[in-house]
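This report concerns only the one structure given below.
What follows draws every value from the coordinates through simple rules; no lab data is involved. Since the structure is predicted, the reported quantities are computational estimates derived from the model, not experimental observations. Methodologically, a virtual Cβ is constructed for each residue, glycine included, from the backbone with ideal geometry; neighbour enumeration extends over all protein chains shown.
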Amino acid sequence: EDQVTQSPEALRLQEGESSSLNCSYTVSGLRGLFWYRQDPGKGPEFLFTLYSAGEEKEKERLKATLTKKESFLHITAPKPEDSATYLCAVFTGANSKLTFGKGITLSVRP
Amino acid sequence: DGGITQSPKYLFRKEGQNVTLSCEQNLNHDAMYWYRQDPGQGLRLIYYSQIVNDFQKGDIAEGYSVSREKKESFPLTVTSAQKNPTAFYLCASSGTGAADTQYFGPGTRLTVL
């Protein structure tokens, strides 16, 4: 069974304090790994898709990387508006579904 | 603007009632999905459809039903057989290529009174 584990469950940062969020996975045949951002009471907003080990993608203060066992979402010099829950999901092609981790709640203090 | 709409935003149901959640998309996507989100848990797949007039059960389909009569619409009915229906329901859509990105709607929060 596909498994996705995100850590830590919650992270509190000071504005400008860079850090990384981890997503480790156990799947047979990864075809894509997705990162989403979710604000309270809203639907997830797509951030990145990574398809193969070694791939990296960047958007503003966020950078996502992928290895054969895990993905990291690096946040450089975060701002309070980066506060949200970050979701990681994997796609293997089985049943067309995404398997999600439980999410990491990030809080950035001014 | 292209996107996914869900209605209503909030829904209250008495025990024993069936309720239907609406999901519409104008992204011209073939595939549509329903997920359920509970506090402290990852999103779980209820049903999905890759083409009109066809749909498959996900991991937690018991107590739910769907229809796909139009490409743009994928309504979800929460029946009285669903034992614990209070949750946040999310609809998504995507293309049908390998690992196509799923885009989500704003969600419907269902509360059973």
So how strong a dipole does the range A:51-110 carry about its Cα centre when Lys and Arg Cβ are +1 and Asp and Glu Cβ are -1, to the nearest 20 debye?
160 debye
Two pseudo-spin positions, 7 Å from Cα along C-beta at B:Glu62 and at A:Ser107, lie apart in nanometres by 3.7 nm
What's the center-to-center distance, using Cα atoms, between the range A:58-86 and the range B:20-50 in Å?
25 Å
Given 37 °C and 0.692 mPa s, how large is the Stokes-Einstein diffusion coefficient of the protein assembly as shown in µm²/s, with Rh as the Kirkwood radius over Cα pairs?
182 µm²/s
Based on Cβ point charges of +1 for Lys and Arg and -1 for Asp and Glu, what charge dipole magnitude is obtained for the protein assembly as shown about its Cα centre, in debye rounded to the nearest 20?
380 debye
Trypsin sites (Lys or Arg not before Pro) within the range A:44-110: which are DSSP loop residues with at most 12 other Cβ atoms inside 10 Å?
A:Lys68, A:Lys69
Please get the size of the charge dipole for chain B, origin at its Cα centre, with Cβ charges of +1 on Lys and Arg and -1 on Asp and Glu, quoted in debye to the nearest 20.
380 debye
Relative contact order [Cα under 8 Å, 6+ residues apart], chain B, whole percent:
35 percent
Please name whichever of A:Leu73, A:Thr85, B:Ala87 sits farthest to the positive end of the charge dipole of the protein assembly as shown, dipole taken about the Cα centre and charges placed at Cβ: Lys and Arg +1, Asp and Glu -1.
B:Ala87
Suppose R0 equals 35 Å. What FRET efficiency, 1/(1 + (r/R0)^6) with r the Cβ-Cβ distance, do B:Tyr10 and B:Gln41 give to the nearest 0.05?
0.95
Would you kindly give the portion of the calculated P(r) for the range B:25-113 that falls above 20 Å, as a percent of all Cα pairs?
30 percent
May I ask you to derive the relative contact order of chain A, considering only C-alpha pairs under 8 Å and at least 6 residues apart, and to give it as an integer percent?
37 percent
The local net charge around A:Arg12, scoring Lys/Arg +1 and Asp/Glu -1 for residues other than A:Arg12 whose Cβ lies under 15 Å from its Cβ, equals -2
